[in-house]
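In what follows, a structure is listed as structure tokens, so that the remarks can point back to it.
The values are calculated or read from the model by the stated rules, or taken from the named source; none is laboratory data. Small disclaimer: the values here were computed from a predicted structure and weren't measured. Here Cβ is always computed from backbone atoms with ideal geometry, including for glycine, and neighbour counts include all displayed protein chains. In case anyone asks, the SASA skips ligands and DNA or RNA and just uses the protein heavy atoms, side chains included. Shrake-Rupley method; radii C 1.70, N 1.55, O 1.52, S 1.80 Å.
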Amino acid sequence: MSTAAADITMNDAFPAPAAGLAEASKHTYPCPEISAAARVRIGIQRVLEEDPGGRGFLQEHGLRLDPSLRWSNCFTSLRGDRRTAMLEDVCDGLVRAVEGTGVDSFSHLPELGNYVC
């Protein structure tokens, strides 16, 4: 018997806590090439993959993430102050969402002692 939880892939479950946070940022505006929510999801996936460079990441994973991704519209869009501020809002929202959950799987690592994980 299939359950809804069993049907969710890691690619869907891992970024789920960030859902809606980009759209809630006061630094988000409609972008015809890559939406704020897609930018967050692509950024999370970029960290999870082992590709050493951005071009390699797009060549290997770009089509399954968003067929319209190109180096120019994906990575050059990261340079703006507004986009950085939106990502900071998402980060702050994620921290608030997980605070108080009592789960810190990385507490045993002294290198991460200064970070909320």
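Worth a mention:
- Residue in region 43-78 that is modelled with the highest pLDDT, counting only those that are polar (S, T, N, Q) and surrounded by fewer than 16 Cβ atoms within 10 Å (Cβ to Cβ): Q59
Rundown of residues vs (1) β-branched (V, I, T); (2) in contact with a Phe, Trp or Tyr (Cβ under 9 Å, 6 or more places away or on another chain), yes/no style:
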residue	(1), (2)
I34	yes, no
R39	no, no
Q45	no, yes
G54	no, yes
S68	no, no
W71	no, no
D89	no, no
V95	yes, no
D104	no, no
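For (1) at pLDDT 80 or above; (2) part of a loop (DSSP other than H, G, I, E, B), each residue gets a yes or a no:
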site: A6; (1), (2): no, yes
site: E23; (1), (2): yes, no
site: H27; (1), (2): yes, yes
site: R41; (1), (2): yes, no
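- Among the residues of region 89-101, the one identified as assigned to a helix (DSSP H, G or I), farther than 15 Å from E23 by Cβ and among the charged types (D, E, K, R) is R96.
- Matching entry among D89, D81 (being at pLDDT 75 or above, closer than 26 Å to C31 by Cα and open to solvent by 90 Å² or more (accessible area, probe 1.4 Å)): D81
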